[in-house]
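The values are calculated or read from the model by the stated rules, or taken from the named source; none is laboratory data. Keep in mind the model is a prediction, meaning the values are calculated, not measured. Note that we place each Cβ from the backbone using ideal geometry, even for glycine, and neighbour counts take in every protein chain shown. Surface accessibility is based on the protein's heavy atoms, side chains included, excluding ligands, DNA and RNA. Shrake-Rupley method; radii C 1.70, N 1.55, O 1.52, S 1.80 Å.
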Amino acid sequence: MRVYDLHCDVLYKLAKAEEPLSFADSSKLQASKQALEAGEIALQVFAVFVSEGFPKERLFLEAIRQIEFFHTEIVGKDDNIIPIYEWEQLESLQEGQIGAVLSLEGLDMIDGDMHKLKLLLSHGVKLVGLTWNGANKVADGSSEESGTGLTPFGEEVISLLNDQNIIVDVSHLSEQSFWDVLPKAKWLMASHSNSRALCNSPRNLSDMQIKALIANNSPIHVVYYPPFIDATKKSVEIQDLEKHIEHIVSLGGKHLIGLGSDFDGISDCVVGLEDASKTQNLVRKLLKSYTSEEVEGFTSKNFERFVMRISKEA
C-alpha cells in the first residue's frame, strides 16, 4: 500500500556525515531510496534541520547546504525521485516513483530576517515548522517554558506562509505557541506527533489540541519514536504505536490521521519499524483493525485530500 511519510531527517544526516553517504543505498540511512522503495513510500518529506550542533553564524548557510543536498543527492541523481513543487503533482506520480518534498524544521536559521525566509521558501519548501524544541525569534518550542508563544515577528512569518499557501507544522510548538498559531495559520498540521494522553511528552498533543486540529480539519501524523509512544517500556512494538492512532480515532480524527516516521532523526526504533523498508509491517498490522479504505486514508489519502484543498485555493 502506497505511503506518504511527512517527516524524515535524511538531509541532516547527509550534511553532518564525516564521510559522504549514498542516499541510494547507504545502510546508515533509515530512509535511503532503497529503504523507501522497499517500504512502498510514494511521498517523502525531507526536513531541513539546523537547530542543533551548529554555531549561530553558520545556521543559514547550513540550511542552504541541506537544500543543495536535496537538489543534488535526493532528486538530482534518479529520475524516479520527483521533486514536488505543487501538490497537484501527487496525482501524476507513476508506479515506482517517489515524490520528494522540502520542509523546514525550525526557523532558527533565519534569525529574524524575512529575506532569508523568502530565499529558503523559493527552493520549493511546502511545509514549515516554526521551531524545534527551544525558543527562537518566531515562537517558543515544546521544551520552552517561558510562555511567550508566537512573537510579533512570528505573526509576520505566518502571514507570509499564508500568502504562499505553505503548511504550518505545529509538531514542535509549545502549547502557548500552538494556541497562538491555530487561529492565524491558513493551513495547519502536525507532521510527527502522538497523543499526550497515552505518553506524557511535551512533544505530543493533548486531547484538547487534537480536538482543535480536528475541528480545524488539520492532519495529525503519528511519529515512530519510542519515547513519544510509550516512555515506560524498554521495547516498544507496533501495537503500541497503533494505540495512538486508536486514540485519535476515538476523538473523531480518523479522516485526518497520517504517518510521520522521523527516520534518520531517531536512534531508538519501534520493533518491526527499524527503517523505512519495514513500513508495510505497520500497514499489515493496521489492516487487522481497520478496513482497507481506512488504512489507505492513514497511509496517503487523508493527506492527499488535504493538499488538494490547498491546490484549489492556491
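Regarding the range 39-55, can at least one residue be identified that is open to solvent by 30 Å² or more (accessible area, probe 1.4 Å), under 15 Å from residue 3 (Cα atoms) and at pLDDT 95 or above? Yes - at least one qualifying residue is present in the range 39-55.
For the range 23-56, what are the residues that are within 19 Å of residue 76 (Cβ to Cβ), touching a residue at least 24 places away in the same chain (Cβ under 8 Å) and among the acidic types (Asp, Glu)? Hit for the range 23-56 is 37, nothing else. Among the criteria (1) within 18 Å of residue 260 (Cα to Cα); (2) open to solvent by 30 Å² or more (accessible area, probe 1.4 Å), the one residue 32 does not fulfil is (2). Each residue in the range 83-108 was checked for being under 26 Å from residue 138 (Cα atoms), touching a Lys or Arg at 6+ places or on another chain (Cβ under 9 Å) and free of Cβ contacts under 8 Å to residues at least 60 places away in the same chain, and 5 of them qualify. Considering only the range 15-22, I want to know if a residue exists there that is free of Cβ contacts under 8 Å to residues at least 60 places away in the same chain, out of contact with any strand residue (DSSP E or B) (no Cβ under 8 Å at 6 or more places or on another chain), open to solvent by 10 Å² or more (accessible area, probe 1.4 Å) and polar (S, T, N, Q). Yes, the range 15-22 contains at least one residue that is free of Cβ contacts under 8 Å to residues at least 60 places away in the same chain, out of contact with any strand residue (DSSP E or B) (no Cβ under 8 Å at 6 or more places or on another chain), open to solvent by 10 Å² or more (accessible area, probe 1.4 Å) and polar (S, T, N, Q). Residues of the range 127-149 that are open to solvent by 20 Å² or more (accessible area, probe 1.4 Å), of a type outside the set (Gly, Ala, Ser) and either within 25 Å of residue 313 (Cβ to Cβ) or touching a strand residue (DSSP E or B) at 6+ places or on another chain (Cβ under 8 Å) (or both): 132, 133.
Scanning the range 237-296 for residues that are closer than 20 Å to residue 47 by Cβ, aliphatic (A, V, I, L, M) and without any contact (Cβ under 8 Å) to a residue 24 or more places away in the chain yields a total of 0. Using the structure shown, decide if residue 78 is within 16 Å of the chain's Cα centre (by Cα) and not in a helix (DSSP H, G or I). Judged against the criteria, residue 78 is not a match. Looking at the structure I just gave you, is residue 190 touching a helix residue (DSSP H, G or I) at 6+ places or on another chain (Cβ under 6 Å) and either in contact (Cβ under 8 Å) with a residue 40 or more places away in the chain or buried (at least 24 other Cβ atoms within 10 Å of the Cβ) (or both)? Considered against the rule, which asks whether it is touching a helix residue (DSSP H, G or I) at 6+ places or on another chain (Cβ under 6 Å) and either in contact (Cβ under 8 Å) with a residue 40 or more places away in the chain or buried (at least 24 other Cβ atoms within 10 Å of the Cβ) (or both), residue 190 comes out as no.
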